[in-house]
Amino acid sequence: MQRQVSRSQLEEANTNRACTVTDSSLPPTAMVGGLEEGVSSSGHVGPMPFKDLAGVQEQDDEQDMSTPREDDEYAGIISALPSATNRFRGLCQYQGAWMLHRTVAGVISVQRRFVPRPGGGDVLLASPPKCGTTWVKALSFATMARAAYPPSAGDHPLLRLNPHDCVPSMEDLFGAGREAQMEVLPSPRLMHTHMHHPLLPPSLAHNPDCKIVYVCREPKDMMVSLWHFTKAIVTSGGRTYSFSDVLEWTCEGKSPYGPFWDHLLGYWRASKATPERVLFLKYEEMLADQVGTIRELARFLGVPFTTAEEAAGLPLDIAKLCSIDTMRGLDANKTGKSWQFFKFPNESFFRKGVVGDWVNHMTPEMARKVDAIVEEKLRGSGLTFTS
Ligand code: A3P
């Protein structure tokens, strides 16, 4: 039987960590003295829900991600970048990737300011938008934090917090000038990015202490999901887009974090070169075998399920906790806006959660066009999708 680490112990551990925000040389055990169970053998206490951490405050203002901030220190760099001429407002190209102006500032800031935590075992979740980011955040958090937060417990953080409140998105945080909050996360830190692999700083991309979990999705379903998302997040007076618009941008490569094929190939190649450091997941395979995926995730992250945990049904408990049906039904996900920096409605992250919804949106001609692009761009890589 595992004993839960009490909240006060965790808070105490966190407070200690928060007090030493600039001292990244401190061994993780220095902040968790006295904790025995519910803590990994390395003495780590993380992850903990980002929103719960001392020193992390809510961003009050709505972020307009499409225009550079006037006080942005990178405004000079950003204003010189090529802009997309399509109808998607505010996309520009930085180091080969298309992204919103405000995102570029966050990306440059991550590249220049990210500080790895020595020996801390950082875990980076990566994905193109609309490919299962929210789900993989929930799964990874629940899997890694299962000693402190048993997945069947009635007070599990994922029952009261949106997954984006638990796992911060790095470029949003850095873009808002809040990178110091990364230091408040207890080790191992769990964080997310939409950045292309070649854009990651070497301290993330080539750091033996950092593991990367990548999730992607069959491109036609990704496009459908992106279109629904653009509709769901449109605010009064905002611009609406047709499905054809979304199809056109993504096929041109000029969609947020596009070209999607470059996004896929960067992490695909990294996973082939260093499979022990980059786990490449496909949404369709995750849905087909949720418990198997959770076991694979746990093994990859160095926290495989013990025989006792298997016997107690923990992998299945995590699958149930993180299933779209559970998540969609929670108040935390039905109301409010994601608490970090983009302020998207929480409910916009949970739609159908199925494979093959593209048949309801694409003509056979549209589907053939996308399939041909995917086939051409991924040819020779060994990466394929079926749907
Ligand atoms: P659909 O729009 O196809 O339903 P992201 O989190 O990267 O924004 O991706 C959103 C997509 O993941 C949406 O797909 C959403 O419904 C789906 N999704 C969100 N939570 C999920 C979960 N717990 N399980 C499976 N799919 C989920």
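With q set to 0.19, 0.25 Å⁻¹, the log10 of I(q)/I(0) for the range 190-283, from the Debye formula over equal scatterers at the Cα positions, is -0.92, -1.28. Computed from the alpha carbon atoms alone, the convex hull of the range 174-241 holds 156 Å³ per residue. Taking the Cα centre of the range 88-147 as reference, the dipole from Cβ charges on Lys and Arg (+1) and Asp and Glu (-1) amounts to some 140 debye.
Distance between Cα centroids, the range 370-387 to the range 120-136: provide it in whole Å. About 22 Å separates the Cα centre of the range 370-387 from the one of the range 120-136. With protein chains left intact and a 1.4 Å probe, residues in the range 110-170 average 23 Å² of accessible area per residue.
With all protein chains kept in place, the per residue accessible area of the range 269-387 amounts to 52 square angstrom at a probe of 1.4 angstrom. Accessible surface ranking for Lys282, Lys272, Lys334, 1.4 angstrom probe, highest first: Lys272, Lys334, Lys282. Expressed in Å, the radius of gyration and Dmax of the Cα atoms of the range 300-386 are 19.1, 52.
The ratio of the alpha-carbon radius of gyration of the range 62-190 to the globular-protein estimate 2.2 N^0.38 Å is 1.21.
With all protein chains in place and ligands, DNA and RNA left out, the 1.4 Å accessible area ranks Glu375, Glu179, Glu218 as Glu375, Glu179, Glu218, largest first. Take each peptide in 297-306, 315-324, count the other Cβ atoms within 10 Å of every residue, and average; sorted highest first, the result is 315-324, 297-306. Using alpha carbons only, the radius of gyration of the range 315-363 set against its Kirkwood radius gives Rg/Rh = 1.08. Size of the range 222-273 from its Cα atoms: along the principal axes, largest to smallest, the extents are 46, 18, 15 Å.
Shown here are the Rg and Dmax of the Cα trace of the range 245-344, at 17.5, 51 Å. Mean projected area of the convex hull spanned by the Cα atoms of the range 121-230, taken over all viewing directions: 8.1 nm².
Counting only protein heavy atoms and a probe of 1.4 Å, the accessible surface of the range 328-387 is 53% carbon and sulfur.
Net charge dipole, the range 318-387: roughly 220 debye, given to the nearest 20, about the Cα centre with Cβ charges of +1 for Lys and Arg and -1 for Asp and Glu. How many percent of Cα pairs in the range 275-332 exceed 18 Å? Of all Cα-Cα pairs in the range 275-332, 40 percent lie more than 18 Å apart.
The values are calculated or read from the model by the stated rules, or taken from the named source; none is laboratory data. If you're wondering where the values come from, they're calculated on a predicted model, not measured in any experiment. Methodologically, a virtual Cβ is constructed for each residue, glycine included, from the backbone with ideal geometry; neighbour enumeration extends over all protein chains shown. With ligands, DNA and RNA removed, areas are computed over all heavy atoms of the protein, side chains included. Shrake-Rupley method; radii C 1.70, N 1.55, O 1.52, S 1.80 Å.
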